[in-house]
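Read the structure below first, then the notes.
The values are calculated or read from the model by the stated rules, or taken from the named source; none is laboratory data. Quantities reported herein were computed from a predicted structural model and do not represent experimental measurements. Virtual Cβ from ideal backbone geometry, glycine too; neighbours counted across all protein chains shown. Ligands, DNA and RNA are stripped out before the accessible areas are found, and what is left, the full protein with its side chains, is counted by its heavy atoms. Shrake-Rupley method; radii C 1.70, N 1.55, O 1.52, S 1.80 Å.
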Amino acid sequence: MKKIFGAKKNQDPPPSIQDATDRIYKRGDTVDEKIKKLDAELARYKDQIKKTRPGPAQEAVKARAMRVLKQRKMYEGQRDMLYNQTYNLDQVAFASEGIKDAQQTMTAMKAANKELKGMMKTVKIEDIDSMQDEMMDLMDVSNEIQETLGRSYNVPDDIDEEELMGELDALEADMDFESSSVPSYLQPDKETDLDSELNLPAAPSGHAAVPPNRQQEDELGLPTVPNASIRS
């Protein structure tokens, strides 16, 4: 069958937008080079027209210049057409890239959506609310425990606050009084006359007189015998 109908030739892939754009830019560069050559030729003809006198010679130079101008206009039209084609290709390329970006974005969003659905199956709002309630209850219990541990033991519960305020005012008054007066134990000692405080008699300067009714004693402390009694 292939010998009869012939084998189907492999078709080349269609050119991409970038390939078409590169080809048009190359053609545009070629046209620009031709326009530059024509501009140089026109400049030369202008100089010749200025140097030649009016007449057939000058008219011949003007005719050549007119021919070059016509070619230049034709190439300029081709260049404008190529520029329009590249502009259209750029617009198509921009739209194509935008569609590709949109496709990638949609693919990424679908994958993220699938992943989020899988994660949401393991996380429930009811479980979060229940956990928050348990945490609040635990915090309340913890506060009660701290208050219980910090409670004072010997403080009666039936204390009158007004009575306490009165005692506090009295304590402040005593503190003000003590701060205004110096205690006696902090005052300096005064020099006192010890003799006048004790009121002691002066020490005798001579021998003490023996009372008349008191019997004299000898060296051994025995009472002495009167001389008259010895003689008799």
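What's the FRET efficiency of Val92 with Leu116 using the Cβ-Cβ distance as r and R₀ = 35 Å, to the nearest 0.05? For Val92 and Leu116, the calculated efficiency is 0.45.
With 0.36 nm allotted per residue and the present C-alpha distance subtracted, the Val123-Asp47 stretch has 18.6 nm of extension available. Exposure check, 1.4 Å probe, all protein chains in place: Asp137 carries approximately 90 Å² of accessible surface.
Per atom type, segment 17-147 shows carbon and sulfur on 57% of its accessible surface, probed at 1.4 Å. Once the C-beta distance of Leu69 and Ser16 is scaled by a Förster radius of 41 Å, the resulting FRET efficiency is 0.60 to the nearest 0.05.
What do you get for trypsin sites (Lys or Arg not before Pro) in segment 36-76 restricted to DSSP loop and a cutoff of at most 15 other Cβ within 10 Å of the site's Cβ? Sparse-neighbourhood loop trypsin sites (Lys or Arg not before Pro): none present. For segment 48-128, dividing the convex hull volume of the Cα atoms by the residue count gives 119 Å³ per residue.
Picking from Asn84, Ala112, Ile145, whose Cα lies most toward the positive end of the charge dipole for segment 17-147 (charges on Cβ: Lys, Arg +1; Asp, Glu -1)? Farthest towards the positive end: Asn84.
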